[in-house]
Amino acid sequence: MKSRLLLLCALLTLSSAAMSQSLYQQYIKAAKAGDAKAQVQVGIAYEKGEGVPKDMSQAVYWFEKAAEQGDVSEQGHVAYYYYNGIGVQKDLVKAAYWWRKAAEQGSAEGQHDLALCYYFGEGVPKDYTQAFQWWSKAAEWEHGPRSTIWADATIRALAPTRTCNWLPSG
């Protein structure tokens with residue numbers, strides 16, 4: 001009984017790998033033809049090693065292809081990979097570039113992360129005014145409390161003698 005169970009598990013594993021390879025072939029064909037959704041799927045396949053060997057440089061390559069076509073989610077992911085040097089050489093300028101692309105499309109996360117770039121001068125010149133502007137935009141969306149705290153810190157950096165009433169005292 002135990003050997004039959006092991007054989008069944010082995011067959012299911014081989015079957016699933018074969019299906020992943022077949023699915024990968026469909027996605028790669030569409031990705032090469034310029035389909036952004038397929039490019040994301042091929043990137044995920046390389047990121048997870050599904051149907052292909054795990055390869056983060058190939059994953060980022062395909063994610064960036066989708067980002068170039070305006071996929072806001074992938075713009076944020078590509079920025080993250082450049083910022084951390086995952087699958088690509090660390091490049092803060094490219095990270096800021098991709099976060100700006102996402103931010104300009106209304107991504108609260110992209111706006112927040114671009115604000116951080118300006119606040120710390122990573123990939124862009126340090127600019128508290130720009131940081132505050134991007135955090136203000138992000139605060140209108142899902143990053144409200146976190147971005148409000150950063151925006152308050154930015155105002156304090158710009159005018160340390162002034163206080164902000166955005167946060168409760170104490």
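Please treat every number below as a calculation from the coordinates, not as lab data. Note that the structure is a prediction, hence the values are computed from the model and not measured. Reconstructed Cβ throughout: ideal geometry from the backbone, glycine too, with neighbour counts over all protein chains shown.
Of the listed pairs Lys32/Lys137; Lys54/Lys137; Lys29/Lys126; Lys37/Lys94; Lys32/Lys90, which have alpha-carbon separations greater than 32 Å here?
Working: Lys32/Lys137 36 Å; Lys54/Lys137 37 Å; Lys29/Lys126 43 Å; Lys37/Lys94 22 Å; Lys32/Lys90 26 Å.
Listed pairs above 32 Å: Lys32/Lys137; Lys54/Lys137; Lys29/Lys126.
Could you compute the net charge surrounding Phe63? Neighbours are other residues with a C-beta less than 11 Å from the C-beta of Phe63; K and R count +1, D and E count -1. Don't jump to the answer; show the numbers that get you there.
On the way: positive: Lys65; negative: Glu47, Glu64, Glu68, Asp71, Glu74.
Net local charge, Phe63 excluded: -4.
Tell me the net charge near Val72. Cut-off is 11 Å between Cβ atoms, Val72 excluded, with +1 for each Lys or Arg and -1 for each Asp or Glu. Kindly include the intermediate steps, with their values, before the conclusion.
Details: positive: Lys101; negative: Asp71, Glu74, Glu104, Glu109.
Here the count lands on -3.
How much length would be gained if the chain were fully extended between Leu23 and Glu68, taking 0.36 nm per residue of separation minus their Cα-Cα distance, in nm to one decimal?
Working: separation 45, 0.36 × 45 = 16.20 nm, distance 2.36 nm.
Roughly 13.8 nm would be gained on extension.
What does the charge add up to near Trp98, with Lys and Arg as +1, Asp and Glu as -1, over the other residues with Cβ less than 15 Å from its Cβ?
Charge balance near Trp98 sits at -4.
Using a 7 Å offset from the Cα along the Cα-to-Cβ direction at both Asp91 and Glu104, what is the distance between the two label points in nm, to one decimal?
Computed distance between label sites Asp91 and Glu104 equals 1.7 nm.
What is the extension gain from Thr129 to Met56, computed as 0.36 nm multiplied by their sequence separation minus the C-alpha to C-alpha distance, in nm to one decimal? Walk me through the intermediate numbers first.
Numbers: separation 73, 0.36 × 73 = 26.28 nm, distance 3.54 nm.
Stretched fully, the Thr129-Met56 segment lengthens by 22.7 nm.
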